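**Q** Would you mind keeping the following structure in view while I ask a few things?
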Amino acid sequence: MPAKRTTTLTVRLSAQTKAKLDRLASITERSKSFLVARMLDDHIDREIAICEGTLDAMRSIERGEGASHEQVTQNLDRIIADAYARHARKSA
């Protein structure tokens with residue numbers, strides 16, 4: 001099986017961040033490169049999902065599929081009231 005192709009990226013870290021990374025590498029017995037690559041990959045995946053979700057929501061609003069502020073507020077008020085009622089029934 002061929003090795004994954006990688007590339008090099010140089011970053012500047014604060015001394016505090018570097019020390020924390022050193023500590024984590026020591027605790028986990030993993031290389032700093034491995035840890036940073038894994039962290040970046042996880043973070044980038046989350047950020048892409050957030051950004052794509054935001055763009056989808058903006059497109060939905062542009063198509064007129066969004067809810068008004070009043071609709072959202074009414075829905076939240078109903079959800080909160082229902083939660084209070086459930087809590088009151090459990091406490092009784």
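The values are calculated or read from the model by the stated rules, or taken from the named source; none is laboratory data. Quantities reported herein were computed from a predicted structural model and do not represent experimental measurements. Reconstructed Cβ throughout: ideal geometry from the backbone, glycine too, with neighbour counts over all protein chains shown. Please note that ligands, DNA and RNA were not included when accessible areas were found on the heavy atoms of the full protein model with its side chains. Shrake-Rupley method; radii C 1.70, N 1.55, O 1.52, S 1.80 Å.
**Q** Contact list please: Cβ distance under 8 Å, first residue in segment 46-68 and assigned to a loop (DSSP other than H, G, I, E, B), second residue modelled with pLDDT of 95 or more, pairs at least six apart or on different chains.
**A** Filtered contacts from segment 46-68: Ala67/Asn75.
**Q** Any idea how many residues of segment 60-85 are of a type in the set (Lys, Arg) and at pLDDT 95 or above?
**A** The qualifying residues number 1.
**Q** For segment 9-22, check the following and say yes or no: at least one residue is touching a helix residue (DSSP H, G or I) at 6+ places or on another chain (Cβ under 6 Å), open to solvent by less than 100 Å² (accessible area, probe 1.4 Å), without any contact (Cβ under 8 Å) to a residue 60 or more places away in the chain and in a helix (DSSP H, G or I).
**A** yes
**Q** Inside segment 57-92, can you point out the residues that are loosely packed, with under 10 Cβ neighbours inside 10 Å and of a type in the set (Asp, Glu)?
**A** Glu62, Glu65, Glu70
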